[in-house]
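K.L.:
Before I ask anything, here is the structure I am working with.
Values in this text are rule-based calculations from the coordinates and carry no lab data. These numbers were taken from a predicted model, which means no experiment stands behind them. Cβ atoms come from the backbone with ideal geometry, glycine included; neighbour counts cover every protein chain shown.
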Amino acid sequence: MLTRECHPTPTAPCRCGAAANTWCMECWESPFYCASCIVEQHRNLPFHRVEQWNGRFFERKELAALGLVIGLRHHGHLCTQAPSDRATTKFTIVHTNGVHNVTVAYCHCAPRTKDTNQLLLTGLFPGTFERPASAFTFAVLKEHHIHSLQSKKAAYDYFEALRHLTDNVLPNSVKDRYREFLRIAHVWAYLKAFKRSGQYYDIDKLLPSTWPFGSLAVHCPSCPEDGFNMAPNWRNTPPDKRWEDP
Ligand SMILES: [Zn+2]
Ligand SMILES: [Zn+2]
Ligand SMILES: [Zn+2]
């Protein structure tokens, strides 16, 4: 553990020939890179944590601070149709490993996709639908959903843990997006139930059921349902064959 915190000397230069002083804490066996090569290496891994040797110790760096701009709808690359004046937006993105300050560039290809839809199509759930400046990755919403169902962990504690993962020395210096997270976590749980119930595909019209129209409850095929799995003349059952509450 301690060896990993020391800068290896001498270190091989970056693949581009420049001095290599930056490595990724999350890529498996990350070699040392220069800042611009590590940014290039993370176009499709924008939420990895990297560290840069500052002469005395490894300092945590945001990939955005090293120059990474997350291009939407172009596999991490920047859209060539973007106007240069308002091409990028500062964003706070919450992922399973913490809170990130990133720079996002929307796609401007015609026909222009709405900003919120661009975020959703790339797996980012916007914190608001009016000019969003924060978003949650689908991965963090899924992980929180499963944690809350399995361990009953409160959203507040889950989010506080994310702040500690971001900075365990000064967690209060990490941006607080708990209120937005709580709201979006509810929306996420509802949308998951909606998707799994089949309501988007009008399942009520496909399956004979006495469930209320639009129900998100899991359908139980063994529960007795008139016209579905009960004898057609069940109402004529003789009194001695009926079950009645004594
Ligand atoms: Zn390099
Ligand atoms: Zn990495
Ligand atoms: Zn584009």
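K.L.:
From the list 76, 55, 67, which one is among the small types (Gly, Ala, Ser), away from ligand 3 (no atom under 16 Å from the Cβ) and in contact (Cβ under 8 Å) with a residue 24 or more places away in the chain?
P.N.:
Numbers: 76 fails: away from ligand 3 (no atom under 16 Å from the Cβ); 55 fails: in contact (Cβ under 8 Å) with a residue 24 or more places away in the chain.
It is 67.
K.L.:
Restricting to the stretch 129-172, give me the number of residues that are outside any loop (DSSP other than H, G, I, E, B) and closer than 30 Å to residue 105 by Cα. Walk me through it before giving the result.
P.N.:
Keep residues of the stretch 129-172 that are outside any loop (DSSP other than H, G, I, E, B), which gives 134-151, 155-166, 171-172.
Adding the requirement that they be closer than 30 Å to residue 105 by Cα leaves 134-145, 155, 158-166, 171-172.
Number of matching residues: 24.
K.L.:
While we're here: Being closer than 30 Å to residue 72 by Cα and of a type in the set (Phe, Trp, Tyr), is that true of even one residue in the stretch 223-231? Lay out the reasoning, then the answer.
P.N.:
Quick first cut of the stretch 223-231, residues closer than 30 Å to residue 72 by Cα only: none.
Looking for residues that are closer than 30 Å to residue 72 by Cα and of a type in the set (Phe, Trp, Tyr), one finds none in the stretch 223-231, hence no.
K.L.:
Among the listed residues 215, 173, 148, 197, identify the single one that is at negative phi and surrounded by fewer than 13 Cβ atoms within 10 Å (Cβ to Cβ). Even if it seems obvious, please write down each step before you answer.
P.N.:
Working: 215 fails: surrounded by fewer than 13 Cβ atoms within 10 Å (Cβ to Cβ); 148 fails: surrounded by fewer than 13 Cβ atoms within 10 Å (Cβ to Cβ); 197 fails: surrounded by fewer than 13 Cβ atoms within 10 Å (Cβ to Cβ).
Answer to the check: 173.
K.L.:
So which residues in the stretch 127-144 are without any contact (Cβ under 8 Å) to a residue 40 or more places away in the chain and closer than 13 Å to residue 187 by Cβ?
P.N.:
129, 138
K.L.:
Within the stretch 59-93, track down each residue that is within 16 Å of ligand 2 (Cβ to nearest atom) and among the small types (Gly, Ala, Ser).
P.N.:
Residues satisfying the conditions are 64, 65, 67, 76.
K.L.:
Exactly one of these conditions fails for residue 107: (1) within 16 Å of ligand 3 (Cβ to nearest atom); (2) part of a strand (DSSP E or B). Give me its number.
P.N.:
Of the numbered conditions (1) within 16 Å of ligand 3 (Cβ to nearest atom); (2) part of a strand (DSSP E or B), the odd one out for residue 107 is (2).
K.L.:
Which one of 174, 218, 169 is aliphatic (A, V, I, L, M), within 29 Å of residue 47 (Cα to Cα) and without any contact (Cβ under 8 Å) to a residue 60 or more places away in the chain?
P.N.:
Working: 174 fails: without any contact (Cβ under 8 Å) to a residue 60 or more places away in the chain; 218 fails: within 29 Å of residue 47 (Cα to Cα).
The match here is 169.
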